[in-house]
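Here is the structure we will look at.
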Amino acid sequence: MNNLSLNGVELETIESPLWFHLKGLMQTATGYGSKLTTQYKVKYNNRLYRVYCHCFSNCGSLYIIVKNNRVFLN
């Protein structure tokens, strides 16, 4: 996954899986949720931010949290 962008600017993406990603597990029993952690981090404003997914039904939106605000990625 190297094509995440914010306002048309491509962000550097780093793979950083958590323990349950390595074991092939899901964060919730259904796989749906409003703050699902992904195995990726992006560099934004000289800082690494974990990428989260807001997933309901069969689509999801990726975002990072900057100063308690959700910033959605393209």
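Placing +1 on each Lys and Arg Cβ and -1 on each Asp and Glu Cβ, with no other charges, gives segment 5-72 a dipole about its Cα centre of roughly 260 debye.
Each stretch of four or more DSSP H residues adds -39500 (n - 2.57); spread over every residue of the chain, this sum gives -1000 deg cm²/dmol at 222 nm.
Which label marks the calculated value of semi-axes √(5λ) of the Cα gyration tensor in Å, given the options (1) 21, 14, 11; (2) 25, 14, 9; (3) 34, 10, 8? Given (1) 21, 14, 11; (2) 25, 14, 9; (3) 34, 10, 8, the structure-derived one carries the label (1). Taking amide H positions as modeled 1.01 Å from N, with prolines and chain starts lacking one, the residues under 5 Å from Leu11 and 5 or more places away or on another chain are Leu4, Ser5, Leu6.
A straight chain from Trp19 to Phe72 at 0.36 nm per residue would run longer than the Cα-Cα distance by 16.6 nm. Between the residues Asn68, Ser16, Leu6, the greatest Cα displacement towards the positive end of the dipole of the chain, with unit charges on the Cβ of Lys, Arg, Asp and Glu, is found for Asn68.
In straight Cα distance, which aspartates and glutamates are under 17 Å from Lys35, not counting same-chain residues fewer than 8 positions off? Partners within reach: none. Highest mean packing first, where packing is the average number of other Cβ atoms within 10 Å per residue, the peptides 53-61, 38-46, 22-30 line up as 38-46, 53-61, 22-30.
Each value in this text was obtained by applying a stated rule to the coordinates, not by laboratory testing. All values derive from a computational prediction rather than experimental measurement. We place every Cβ from the backbone using ideal geometry, glycine too, and count neighbours over all the protein chains shown.
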